[in-house]
Every structure is written in structure tokens, then in C-alpha cells.
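Read through the structure below, which is laid out as C-alpha cells, and then see the notes.
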Amino acid sequence: MMTNLFSVFDPTTNLLNISFNWLSTILGLLFLPYYFWLIPNRHMIFWNLILNKLHNEFKTLLGKNSFNGSTFIFISLFSFILFNNLLGIFPYIFTSTSHLNLTLSISLPLWLSFMFFGWINNTQHMFSHLIPQGTPNILMPFMVLIETISNIIRPGTLAVRLTANMIAGHLLMTLLGNTGPNFPTILIFILIFIQILLLILESAVAIIQSYVIAILSTLYSSEVN
Amino acid sequence: MAFGDYPKEYNPSVHGPYDPARYYGKPDTPFSQVKIAELGAWFGRRNKSPSAFMGACSRAWWRWQHKYMQPKRVGIAPFFQLLVGSMTVFYVFNYGKLKHHRNYKYH
């Protein structure tokens, strides 16, 4: 039994009363493959393959109007979230992406800067997005309201989607893991089997969610120019 | 020596291409060959400044990189070495909370 189900999400540590758990945010830097030799090794080949695929994907989504190299923002975003999500699955390592603190500080400035860029440089274009093509005249005021709301909640949905997914997975694994002591010993293999399945699911979720946040930010940025 | 510079002792014409895992200063007796009686003097000769300590950590990191991460036909072993290390570090960070988990069965 747990005293507190949410203790896995507690960033505080007892060392000097500093929240050292947040250090796991930059832990991914140690895992990134470095270029040292001219000829790439297997890690580099694999990593470059992923980055190239993402670059091509984001380039088509951003369209012709985009600035050269703007895919790098979203590729970096993807790798940052990916390393945080994946490392967070391993025991004792803190998952910083399960906190709105981190996810909202990524998504809000990103969305806000896109919006300011659009309002300043493509004002007409930004307003035209508030009414989808072919809207009947009578529905136009409501469509503006709906589109405005759906635009304003975007940074929130980006952040909450990721955070909720990470929290849900960790909670499930914690809950299941804590039934162990009260479980008949002979049936413990069932529990372990379910945990392994859950762990595979969570690994998939970690990758998918980092991809989703990167692709949605790409789409939001492609709308402003 | 400013931040990001090569070590003072490094000379490209003598040492060849820079290796971040190598110590370019005057070599001392390797630690494994130090006699017990000489241990105090050996430690006395060490440079204990923060930048020297960071330099030693950086060389150790690159020695590890060369041995496990950088080989051409590398596998997943280095990732698991890093993972075990990270899990240990975070276990130590959180030990103050984790030690109470052994009392859960009494709740």
C-alpha cells in the first residue's frame, strides 16, 4: 500500500533541500551520440536516420514559405521530449515531462511567439484563419468565437496532453506494482507479465507523445505564414 | 587559459590532433604504481583547483566515450551503462524518501 500515490512525481530531494530531481531534464545530453570520428558509428547512423526523416517530414509540413532551418526547432523539441520521456520510464529517474511546470514553459513561449509573428507580419492572414472557408454568413460570429477559443487553448492542450500521458502511465505502473505485496505469491508471474506489457506500452507512448508535440508545434507554426 | 581553450601544455606540432581524453601535462607516477609510503606526497602533488577537477572528469568521460560509445560497431551496452549510472544517482538523490517505502507494509 502507498502512503502517497503521487510520490513518484515529487521533484524534491533531501540532499541540501534542493530539488535535484529536475537534473533529469538535461540527463539526455549524456545519451546523445557525439561526432568524434569522421566515419559515423552505428549510433550516429541510426540517430542521423531519425533526424533526417523528421527533417523531411517537418519540411513538407512547414511548406514553401518557411525559413531555412526552422525544422531544427521542432527536431530539437522532439529529441528533448523523447529523451525526457524515455529516461523517465526507468526506475528512480525523475520524469520532468510529467510536470506542467516544464511542458507549459515549452509550449506557451513557442505558441506566443508564433502568434506575435503572425499578428505583426501577416495580420490579414491571421484574421482569415478565424473563419473557415465556406462558412454560412449566419454562423460566422460563432465560428470566430470557436476558432479563437480553440487557438487560445492550444499551448494548454499541448502541455496537458504530454503531462497527462506521462502521469497516467506512471500512475498505472505504480498502482500495479504496489499490489505486489498483497498478491498471492503463486500468481505473481501474471502481475509481472502485465507490468512488462505496460512498460512496452509506455515506451511506445513516450515516443508517440514526443512526436505528437513536435508535429503539432510544426503545424501551429506553419499556420502563421 | 580561458574557458574553452586547449590545455596550456597542448602543442599540435608535438602531440598531433587533440584528444580530449589525454592529459597533456607532465606525467606523474600512475596511481596504480604508487607505493603506500609515497601516497601522501603523491596526493600533495595533485592540482586540486575546481577547473583541474572538471578537467579530470572531462578526460574520464572521454576515455569512456572512446572505449564504449565511439567504436564503429557499437551496440547498446554504453546506453545501459549510462542508465544504470543514472538510476544509481537518482536513487541516492531520493534515498531520503525511498527509505520510508520499507514501512509501507505497516500502513
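The values are calculated or read from the model by the stated rules, or taken from the named source; none is laboratory data. All figures in this text were calculated on a predicted structure; none of them were measured in a lab. Note that we place each Cβ from the backbone using ideal geometry, even for glycine, and neighbour counts take in every protein chain shown. Areas reflect the complete protein model, heavy atoms only, side chains present, ligands, DNA and RNA absent. Shrake-Rupley method; radii C 1.70, N 1.55, O 1.52, S 1.80 Å.
What is the mean projected area of the alpha carbon convex hull for chain B, to one decimal in square nanometres?
Result: 12.2 nm².
Excluding residue A:208 itself, calculate the net charge of residues whose Cβ lies under 14 Å from the Cβ of residue A:208, where each Lys or Arg counts +1 and each Asp or Glu counts -1.
Local net charge: 0.
Please state the charge dipole magnitude for the stretch A:7-224, taken about the Cα centre, from unit charges on C-beta atoms (+1 on K and R, -1 on D and E), reported in debye and rounded to the nearest 20.
340
Run the accessible area of the stretch A:7-224 with a 1.4 Å probe and give the carbon-and-sulfur part as a rounded percent.
74
So what does the Cα-only Debye profile of the stretch A:1-53 read at q = 0.26 Å⁻¹, as log10 I(q)/I(0), no solvent term?
Per q value, in the given order, log10 I(q)/I(0) is -1.05.
Could you provide, to the nearest whole Å², the per residue accessible area of the stretch A:7-224 with probe 1.4 Å?
Per-residue value: 57 Å².
Separation of the stretch A:154-225 and the stretch B:37-107 by C-alpha centroid, Å?
Here the two parts' Cα centres lie 29 Å apart.
Helix B:77-93 against the longest principal axis of chain B: what's the angle in degrees, Cα atoms only, rounded to the nearest 10?
It works out to around 60 degrees.
Which of the aspartates and glutamates could be linked to residue A:64 by a straight reach, that is with a Cα gap under 18 Å, when you skip same-chain ones fewer than 8 residues away?
Candidates past the 8-residue exclusion: A:223.
Determine which lysines satisfy two conditions relative to residue B:97: a Cα distance under 26 Å, and not lying fewer than 8 residues away in the same chain.
Qualifying lysines at Cα under 26 Å: B:105.
Where is the GNM fluctuation largest for chain A (alpha-carbon springs, 10 angstrom cutoff): A:129, A:170, A:99?
A:129
Is it possible to state the helix-based mean residue ellipticity at 222 nm for the protein assembly as shown, with each DSSP H run of 4+ residues giving -39500 (n - 2.57), the sum divided by total residues, to the nearest 500 deg cm²/dmol? What is it?
Taken over the protein assembly as shown, the calculation gives -19000 deg cm²/dmol.
Return the tail of the calculated pair distribution for the protein assembly as shown, meaning the percent of Cα-Cα pairs more than 33 Å apart.
Percent of Cα pairs beyond 33 Å in the protein assembly as shown: 48.
Can you list the lysines whose alpha carbon sits under 23 Å from that of residue B:8, skipping same-chain ones fewer than 8 residues off?
Those lysines meeting the cut-off are B:26, B:48.
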